[in-house]
Each structure stands twice: as structure tokens, then as C-alpha cells.
Amino acid sequence: MKTELIYGTGNPAKLTGMKRALEKLPVEVIGLKEAAEKYQKEIPYVEETGSTPLENARLKANAYYKVFGKPVFSCDSGLYLWDYETGELLPNEVQPGICVRGRGEKPYTDEELINKYTALAQKFGCVLGRYKNAICFVADEEHKYECEDESLWGEAFLLAKKPHVKRVPGFPIDSISIEIKSGQYYYDLEGDSQDVVAAGEGFKNFLDRCIYKT
């Protein structure tokens, strides 16, 4: 029998990616919308006031567990950029960090985000990006697990100066992600190559260990 896990996201693209990453585990992953309909609950708004991906993941997981009282996990990430040639971080004022969609009251749309980061690639030349991810899993009141180590970080990639024609709503940066080894867009590679940027294997291993402990 599969264990139901609520994934604390309303982003359908992220939900699909996580389901694919966890398909070999004995779990059934449902998103917030499905959980709200199934258990007749209102999805709370959780303000992401943390200063790190783990702090935001923890805020969301605890809030959703309080509402549903079911095993729930939440993730958060930050995007960090380097000069590929020198290995130096780009200036702080252009680092996305945990504010990938901007720091103002109105977040960037997918297309605005694509335009913003292609402009950075055009300005700084060869730009290396990497996601630093974190996860918080609340199984019940006594069992809460967290992780932010490098096993969850995505593979480093290059920012394209021109976006790919393909778009997946909710994952705009995928359209401007280039594999370092091949120099090709991830969207032009075979299989689920984009999953290495999202570090799906790391999330699978973490949750597998958590389920075993509980």
C-alpha cells in the first residue's frame, strides 16, 4: 500500500516533476489543490519570510501540516550565478538567491523572468547557474525532517542568451538552461535531462530515508 504524501505546492509543473522523481518509491504524491478538495480544507497563504531556502520550506511544511494533519513536505530553492570563466559570483545586486521572481510586491511573470536572465547572460557573458535546494518533511507531530545539503542541489548549467522556443508554465528558466558538457539546451536532450537541474534524485533519496525512519 502506498503512503500518501502531500507536496506543498500549487505549481503543476513542480508537482509533475516531483511525481516523476518519486515514482519508484511506495508513495502517492498529491498537490495542495487535490489535498484541499479531498479533505475539504482551505489552502492557507504562507508568506515566505525566511532568509534561506530551508527556512521557507520549513514555514510552508509546518503550515500545511497544521491544516491537513497529514504527511506533507515542502521545498524551496535559491538560484545563484557565477562568471563561468573566472568562477567568481556575480555582483550581489543581480543575484536572484531565494527571490528568483524578484523582490517587489509583484513577482515576475514567466516571460519577464526569461527576459531578465537572458539580459544578464548578454551583459556578463558566460554565466553559470545552480539551484541550492532545501526540503522539510513533516510526517507527524513527533517526526519532522529537514535537509539542505549538496545532495539536493541541482546540476550547474549555463544561462542562454536566447531562450528555447519550448515553454513549461512555472519553469521559465528551463527555457534558458544549457548543459555545460554538450552546449545544448536541456530541452533538446533526450529523456528527462532537465531533472538533473532540479535534483530529483536527491529528493527521492531523502524522502526514502524519512519514510523508512517513520
(request) Only one of these is at pLDDT 95 or above and part of a loop (DSSP other than H, G, I, E, B): ILE43, ILE30. Name it. (result) ILE43
(message) Among (1) assigned to a loop (DSSP other than H, G, I, E, B); (2) within 20 Å of the chain's Cα centre (by Cα), there is one condition LYS161 misses while meeting the rest; what is its number?
(response) (2)
(request) Determine if the stretch 77-85 includes at least one residue that is out of contact with any Asp or Glu (no Cβ under 7 Å at 6 or more places or on another chain), under 30 Å from TYR185 (Cα atoms) and not in a strand (DSSP E or B). (result) yes
(request) Count, please, the residues in the stretch 1-12 that happen to be outside any helix (DSSP H, G or I) and either closer than 21 Å to ILE98 by Cα or of a type in the set (A, V, I, L, M, F, W, C) (or both). (result) 8
(request) Report yes if some residue within the stretch 59-72 is in contact (Cβ under 8 Å) with a residue 12 or more places away in the chain, in a loop (DSSP other than H, G, I, E, B) and crowded, with 18+ Cβ neighbours inside 10 Å; otherwise report no. (result) yes
(request) Those residues that are in a loop (DSSP other than H, G, I, E, B), of a type in the set (A, V, I, L, M) and farther than 26 Å from LEU15 by Cα, I need them from the stretch 86-108; list them, please. (result) LEU90
(request) Within the stretch 12-38, work out how many residues are exposed (fewer than 13 other Cβ atoms within 10 Å of the Cβ) and within 17 Å of the chain's Cα centre (by Cα). (result) 0
(message) Tally up the residues in the stretch 174-198 that are buried (at least 22 other Cβ atoms within 10 Å of the Cβ), assigned to a helix (DSSP H, G or I) and modelled with pLDDT of 90 or more, please.
(response) 4
(message) If GLY170 satisfies all but one of (1) assigned to a loop (DSSP other than H, G, I, E, B); (2) modelled with pLDDT of 95 or more, what's the number of the condition it fails?
(response) (2)
(request) Check ALA134, ALA121 and return the single one that is in contact (Cβ under 8 Å) with a residue 12 or more places away in the chain, of a type in the set (A, V, I, L, M) and touching an Asp or Glu at 6+ places or on another chain (Cβ under 6 Å). (result) ALA134
(message) For the condition touching a residue at least 12 places away in the same chain (Cβ under 8 Å), part of a helix (DSSP H, G or I) and farther than 17 Å from GLY202 by Cβ, what is the one hit in LEU54, LEU15?
(response) LEU15
(message) Condition check: at pLDDT 95 or above and surrounded by fewer than 21 Cβ atoms within 10 Å (Cβ to Cβ). Does LYS106 satisfy that?
(response) no
(request) Output the residues belonging to the stretch 1-33 that are among the acidic types (Asp, Glu) and more than 27 Å from LYS166 (Cα to Cα). (result) GLU4, GLU28
(message) Go through the stretch 39-58 and report how many residues are surrounded by fewer than 19 Cβ atoms within 10 Å (Cβ to Cβ), within 17 Å of the chain's Cα centre (by Cα) and under 16 Å from ILE6 (Cα atoms).
(response) 1
(request) Find all pairs meeting these conditions: Cβ atoms under 8 angstrom apart; at least six residues apart or on different chains; first residue within the stretch 81-108 and farther than 19 Å from ASN56 by Cβ; second residue loosely packed, with under 10 Cβ neighbours inside 10 Å. (result) TRP82/GLU88
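The values are calculated or read from the model by the stated rules, or taken from the named source; none is laboratory data. Treat the numbers as computed from the prediction; the structure is a model and nothing was measured. Ideal geometry is used to build each Cβ from the backbone, glycine not excepted, and the neighbour counts take in all protein chains shown.
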